[in-house]
1. Output the qualifying pairs, or none if there are none: Cβ atoms under 7 angstrom, residues six or more apart or on different chains, first residue in region 173-201 and farther than 18 Å from GLY159 by Cα, second residue part of a strand (DSSP E or B) and among the acidic types (Asp, Glu).
2. ILE184 passes all but one of (1) farther than 25 Å from MET33 by Cα; (2) open to solvent by less than 60 Å² (accessible area, probe 1.4 Å); (3) of a type outside the set (Phe, Trp, Tyr); (4) in contact with a Lys or Arg (Cβ under 9 Å, 6 or more places away or on another chain); which number fails?
3. Looking only at region 119-132, count how many residues are surrounded by 14 or more Cβ atoms within 10 Å (Cβ to Cβ) and either closer than 18 Å to LYS66 by Cβ or hydrophobic (A, V, I, L, M, F, W, C) (or both).
4. Would you confirm whether or not region 61-72 contains a residue that is within 15 Å of the chain's Cα centre (by Cα), surrounded by 13 or more Cβ atoms within 10 Å (Cβ to Cβ) and modelled with pLDDT of 95 or more?
5. Return the pairs, sorted by first residue and then second, in which the second residue is acidic (Asp, Glu) and assigned to a loop (DSSP other than H, G, I, E, B), the first residue lies in region 77-102 and is on the phi < 0 side of the Ramachandran plot, the beta carbons are less than 6 Å apart, and the residues are 6+ apart or on different chains.
6. Only one of these conditions is not met by ALA40: (1) open to solvent by less than 30 Å² (accessible area, probe 1.4 Å); (2) closer than 30 Å to ALA117 by Cα; (3) out of contact with any strand residue (DSSP E or B) (no Cβ under 8 Å at 6 or more places or on another chain). Which number is it?
7. Does ASP98 count as open to solvent by 50 Å² or more (accessible area, probe 1.4 Å), acidic (Asp, Glu) and more than 26 Å from LEU115 (Cα to Cα)?
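The values are calculated or read from the model by the stated rules, or taken from the named source; none is laboratory data. Only a predicted model underlies this, so the values are computations on that prediction, with no experimental measurement involved. Note that we place each Cβ from the backbone using ideal geometry, even for glycine, and neighbour counts take in every protein chain shown. The accessibility values were calculated without ligands, DNA or RNA, using every heavy atom of the protein model including side chains. Shrake-Rupley method; radii C 1.70, N 1.55, O 1.52, S 1.80 Å.
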Amino acid sequence: MISHAEENYLKAIYHLSQSEENGVSTNAIANRMETKASSATEMVKKLSEKGYIDYQKYQGATLTQKGILAATMVIRKHRLWEVFLVEKLNFSWDEVHDVAEELEHIKSEKLINKLDAFLEFPTEDPHGDPIPNAEGKIVESAKMLLAEMNVGTLCICVGVKDTSVEFLQYLDRQKIALGTPLKIINKESFDHSLTLEIHKKELIISEMVAKNIFVKKA
């Protein structure tokens, strides 16, 4: 039986590997897990012995197929629970992460599959991230960062890169949510801030904000 800690490490390695061409270093894993490098190294060796990762000293860790499946199943549970909390229990999208972190470790495959069916097989969580199916397959939808869009473009918010409570609450105050239409009115050459038309009003956002909102063309 895989432990909660092992699942957390596999999920962390999975996310880190999305931006790493080679193996994920134990230092990167330790930073992600907010622990000591020695603790991360010990866990990596343990996961390697169990067949979840391939690990070679100085070359980092890569997930095996067994490890990828285990990681995506944890991610699947996490994101399904987030959908449930928002849609059925009226949690806001900035509240669900910590609760889902606990619920994602429930082992019952039957429960999760029934939850998926009860929610009518959602493909994305409340932050716009794709939900793996029962086989662990993830289908990424086409999306770009708002900061990359040209002036005059009409687009729709489809996700966020930064899922911190502070950022999500900021978006709530600006009335930006998944599905919100955004039209780029102007882009400042000095600081790359954007002027948007949203809900028939103009809103100026910083480049940092624009780099953390995923959109697709309307």
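1. ILE185/GLU197; ILE185/GLU202; THR195/GLU202
2. The one condition ILE184 does not meet is (4).
3. Selection size over region 119-132: 3.
4. Step one: of region 61-72, the residues within 15 Å of the chain's Cα centre (by Cα) are 71-72.
Next, only the ones that are surrounded by 13 or more Cβ atoms within 10 Å (Cβ to Cβ) stay: 71-72.
This time we only want the ones that are modelled with pLDDT of 95 or more, so: 71-72.
Yes: region 61-72 contains one or more residues that are within 15 Å of the chain's Cα centre (by Cα), surrounded by 13 or more Cβ atoms within 10 Å (Cβ to Cβ) and modelled with pLDDT of 95 or more.
5. So the pair list comes out as LYS77/GLU104; HIS78/GLU104; ARG79/ASP125; GLU82/ASP125; VAL83/ASP125.
6. (2)
7. Values: open to solvent by 50 Å² or more (accessible area, probe 1.4 Å): yes; acidic (Asp, Glu): yes; more than 26 Å from LEU115 (Cα to Cα): no.
It is false that ASP98 is open to solvent by 50 Å² or more (accessible area, probe 1.4 Å), acidic (Asp, Glu) and more than 26 Å from LEU115 (Cα to Cα).
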